[in-house]
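Student: Can you keep this structure in mind? I'll have questions shortly.
The values are calculated or read from the model by the stated rules, or taken from the named source; none is laboratory data. The shown structure was predicted, so the numbers you read here are calculated from the model rather than taken from an experiment. FYI the Cβ positions are ideal-geometry reconstructions off the backbone, even for glycines, and counts take in every protein chain you see.
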Amino acid sequence: MVRPGLAYCIIEDQAVFLDLEADRYFRLNKGTTTAFLEALTGEIKVDRTSPLILEAILVPASDAPAIDALSLGMPVTSLAIKEDGQIRLRWRLAALVVAVAVRLKLRINPNALMREGVKINWLPDVGASDGDESLTMRVRAFYWAASALPVSLNCVCRSHGLKRLLSRDDIHLVIGVRLEPFLAHCWLQQGSRVIGDDVDEVRAFTPITVIS
């Protein structure tokens, strides 16, 4: 089985991996990808001396904890963000607290930000985030706060910060990759809908893992 903490996807017959602990990406050539897939399906025997195990890609089944894979599928729509209307002061304050927190965590411990997101013990009360109107307001408030900072936020900061502000169990952070040239991107997704990002840009990436 694939080592815990390691996620992968297949792009153009090549396995691409994300090591969340080390915060790094790598890929296998087509020949090794074939061996990797055959090992996963049990078509070839893998023991502790296998190169795939020695490279810490696979672990024997007895060593691997059960992991629930979450598959959202590719998004087809995005949450429409209305540009009109004012953003309430309490929304601005909450969004600013979150934006500063994710930026500080990126600076202090970027690996932990990717794996864990950001924990904030206090936020102004902005009510429940049920309904598209509330989601839209939170997204607009967060992007206002991000633009108010003296430094820009990358997609990891934006996604984790917005996920914290939205506080919805049905909204997940998705990480995707693409090849030639290699690029990675992360976004928020609710079912088949992208939240706070452009669906056409997101669909250029193949999902590699989902962080709930």
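Student: For Glu180, all conditions in the list (1) more than 15 Å from the chain's Cα centre (by Cα); (2) modelled with pLDDT of 90 or more hold save one; what is the number of the exception?
Tutor: Among (1) more than 15 Å from the chain's Cα centre (by Cα); (2) modelled with pLDDT of 90 or more, the lone unmet condition for Glu180 is (2).
Student: What number goes with the only condition from (1) in a loop (DSSP other than H, G, I, E, B); (2) in contact (Cβ under 8 Å) with a residue 40 or more places away in the chain that Ala204 does not pass?
Tutor: Ala204 satisfies every listed condition except (2).
Student: Would you say Val126 is more than 23 Å from Val202 (Cα to Cα) and either in contact with a Leu (Cβ under 8 Å, 6 or more places away or on another chain) or at pLDDT below 85 (or both)?
Tutor: Values: more than 23 Å from Val202 (Cα to Cα): yes; either in contact with a Leu (Cβ under 8 Å, 6 or more places away or on another chain) or at pLDDT below 85 (or both): yes.
For Val126, the condition - more than 23 Å from Val202 (Cα to Cα) and either in contact with a Leu (Cβ under 8 Å, 6 or more places away or on another chain) or at pLDDT below 85 (or both) - is met.
Student: Count, please, the residues in region 21-44 that happen to be outside any helix (DSSP H, G or I) and among the polar types (S, T, N, Q). Give the steps one after another, and end with the answer.
Tutor: Of all residues in region 21-44, those outside any helix (DSSP H, G or I) come to 21-29, 42-44.
Now narrow it down to the ones that are among the polar types (S, T, N, Q): 29.
Counting residues in region 21-44 that are outside any helix (DSSP H, G or I) and among the polar types (S, T, N, Q) gives 1.
Student: Do any residues in region 94-121 that are acidic (Asp, Glu) have Cβ atoms under 8 Å from those of residues that are not in a loop (DSSP other than H, G, I, E, B), where the two are at least six apart or on different chains, and which pairs are they?
Tutor: none
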